[in-house]
Structures are given as structure tokens and as C-alpha cells.
Amino acid sequence: MSDDTLRMLRDSAADFATLDAVRVRRLRGTDPGFERGVWRSMADMGWLGVLIPEDQGGLGLGLGAALIIAEQLGRALYPEPYSDSAVAATQALQHGDNAALKQRLLPQLASGELIAGLAWQGEHGGLALDQCALRLEERGGTPVLQGSCRFAAIPGADAFIVAARSAQGLELHWVERARKGLACEPEARADGSASARLRFDAVAVSAESRVAAAASARAALQLALDHALLAASAELLGLMDCVLDMTLEYLRTRVQFGKAIGSFQALQHRAVDMYIQRELSRAALGAAVATVEGAHCTAEQRGAAASGAKARAAQSALALCKEALQMHGAIGYTDEYDLGLYFNRALVLAAWLGNAGAHRARFSSLAPLP
């Protein structure tokens, strides 16, 4: 994709996605926590299909386009689950091995008709794919899902792509939220959104609903997670942009001892530190995208790049937000002031799919020092 196309996409996304703090506050703690009308508007813009091939109802614009959208949504604190559904779940389905299922469902995901979440983690979370506690069993000749998943994205999703252990290995299955035997329990997060604990009690599945068999499921799930990590890093980058702008504006306007506090050298140094954190994240994400979009990128290189970007973005976002709170003083801690919305969102995104420490460890295992 040309730079001009990406620039136009960035401009249109910036025009569409602007902060509506009243809406963000109104949707906290609600079910589903976002607005389907806004989701359909995003679909009309083509955003939900940027990673889906054209012959399956999408635009096929690639990962770079998806990250531009994610960054702008991060700036505007959009509660709509773009990284969770349009990136993670969509990529897991797209890279599965069930061609008929892809042909049927991907156009519905691109149009916003369906919203899907991805469920794979066990009770205590973590990054290892083998932690999956959900089992695929045979009962009376019918394959059923038994067990539970935690930290599943989007409790209000229409369906979930779930990872389950079978006799052949890890598999991915498409399960509608309304399926008999499936219970979805929302669990609140710091920003008022929720993840889900899914409990499966003999939930029947079939070969037709299998997204990926054991031969391809691990690769499809890991690719989806790596791309979601980059999308989360882009959201954190957009969030940092706004927090830095908000802090600099406060330093210009807040007067103490007869002058703007931004004139104090100590605060200038701290503002520069915030700027450096933001730019480190931007550079790490750019380097990761260049690696992942490279023609000869291996799965290990992709994983190391994604973990490197997420570790840097998570650490920088939390450091930058904490500094912003301190520099604002008491007003920064009030719920009426928008900085708190950004800080709580940073807490959630920094932890989603693994925090900075977890991804530094993964990076070290995938890209060991010579």
C-alpha cells in the first residue's frame, strides 16, 4: 500500500474517531460496553475488513492499515472491540483451514453483522498456548466442549473462536454465544469494560464449525495473537499521544507563583522524559511492523517483534500516564477529568495479552542474544 493511501486512511480515521468522554463514561459497566451502531459505522468505513481478502468481503489492505486505525481509536478511547474482534478473532478465522467457514463468516465480520471474540487462556492467564483448559471430548459419538476459558475478549460478542485440547492436539472452534451449555460471565476491568469467563458444559460442536484442526490451529492462533499484540501497541501509542498533549497544554495554562508551571525547568525535564517514552514506543512499533511485513519473516521473528513492541508500549504508556497524573496534581485523580479515562485504559491495554514483563521474557526466548 502506498504512503499516500495510508496517509488518507489516517486522516479519515482521525476525523471519524474523536474523543467523546460523555459516551465513554456512559458505557462503563454496561452490557455489552460498546455501541453496535458505532460498530456498523466502522464497518461502513471499511475498517472491519482491512485484514480480510477482497474475495471474502474485505479490503485486503494489510496489517499497516489495521494499526493506523487502532492508533486513532486509542487516541479517542473507543470502547468498540476493534483489536479484539477485527484483528484477533478475524485473523484466527482467516488463517484457519476451514475454507467453507471462512467464506461464510468473514463477509459477516467485515460488514459488522457479526462480532466475534477469541477465547484461549486458562484460569490464570499467561502467554503459553498449552495452558488451554478447555477439552474436546466424545460423548455418545458427538464431539463436545467441556471446561472453561478466562479473559475472553468481548463478553457481548455474537460468537467466540475457542481453543480446545483434543486427542489430536490444539483445535479452534466457532461457538455461538447462544449455544446450549455455554455460560458467559463478565469480569470487570479497570476502565469499566469487561472480559469474560466462559464455561462449557457439553457444548456440541461439529467438523463444520471447526475453524482449524490440530495441524494448523497453533499457527493460526499464534499469528492472530501476534497481530493483536501489535494492534494493542498501536492503541497504546495513540493513547500516549493524547496524554502527552493534554499534559503539555496543562503545563502551558496552569499558573503557580505568577507564571505558567511549564516554565519550571524541572517540569520541562519530566515532560521531555514523557516525550521520549512515546517516541521509543513509536520506533519499536515501526520496527516490529517492518519485520512482520517482511517477505521472509519467520514465526519466531514475528513473535519476537510483536512481544518487543508490546513490552515497550505497555511500559512506556504506564510510565507516561503516571508522570502525567503527578504533573497534573489533584485534578488528575478526579473522575470528571479525562486523564483518568486514559490512565484506566492504559492499565487494561498494558495487561491485555500479557504485560511488559511477560513479553520481555518471551522476546528473550524467541530472540536470544548471540
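Here, each number is a calculation from the coordinates, and none is a lab measurement. What you are looking at is a predicted structure, and each value in this text was computed from that prediction instead of being measured. Cβ placement follows ideal geometry from the backbone for every residue including glycine, while neighbour counts extend to all protein chains displayed.
Quick notes on this structure:
- Reach of Lys102 by Cα under 13 Å, taken over aspartates and glutamates that are not fewer than 8 positions away in the same chain: Glu54, Asp55, Glu208
- Residue among Ala100, Ala119, Ala234 with the largest mean-square fluctuation in a Gaussian network model of the chain, springs linking Cα atoms under 10 Å: Ala100
- Taking one quarter of the surface of the C-alpha convex hull of segment 3-114 gives a mean projected area of 6.9 nm².
- With the convex hull of the Cα atoms taken as the outline of segment 205-271, the averaged projected area works out to 7.5 nm².
- Helix 99-110 axis, angle to the chain major axis (alpha carbon atoms, nearest 10°): 30 degrees
- Multiplying the residue separation of Arg25 and Asp245 by 0.36 nm and subtracting their alpha-carbon distance yields 77.1 nm.
- In the chain, the longest principal axis of the Cα atoms and the axis of helix 265-292 are about 30 degrees apart.
- If you sort the three axes of the alpha carbon gyration tensor as a ≥ b ≥ c, you get a/c of 1.5 or more for segment 3-67 and a/b no higher than b/c, which makes it oblate.
- Highest average first, the peptides 292-301, 336-345 ordered by how many other beta carbon atoms sit within 10 Å of their residues are 336-345, 292-301.
- Taking amide hydrogens as placed 1.01 Å from N in the peptide plane, the amide H of Gly29 sits under 5 Å from those of Ser193, each at least 5 positions away in sequence or on another chain.
- Sorting Phe160, Phe264, Phe363, Phe257 by the number of Cβ atoms found within 10 Å of their own Cβ, with the fewest placed first, yields Phe257, Phe264, Phe363, Phe160.
- With eigenvalues of the C-alpha gyration tensor scaled by 5 and rooted, segment 216-366, Å: 35, 15, 11
- Local net charge near Ala202, Cβ-Cβ under 10 Å (Lys/Arg +1, Asp/Glu -1): 0
- Extension gain for Lys180-Glu137 works out to 13.9 nm (0.36 nm per residue, less the C-alpha to C-alpha distance).
- Using a simple spin-label model with pseudo-atoms 7 Å out from Cα toward Cβ, Ala202 and Asp335 lie 4.4 nm apart.
- Listed by chain and number, the lysines placed with their C-alpha closer than 26 angstrom to that of Lys322 are Lys259, Lys310; residues fewer than eight positions away on the same chain are left out.
- Ascending count of other beta-carbon atoms within 10 Å, so fewest first, for Ser12, Ser193: Ser12, Ser193
- Amide H contacts of Val203 (H built 1.01 Å from N, under 5 Å, at least 5 apart or other chain): Leu145
- The order of Asp97, Asp201, Asp226, going from fewest to most other C-beta atoms within 10 Å of their C-beta, is Asp201, Asp97, Asp226.
- Within segment 19-41: backbone nitrogen closer than 18 Å to the Thr253 label point (7 Å, Cα to C-beta): 19-22
- Over 21 Å [Cα-Cα, segment 118-214], rounded percent: 25 percent
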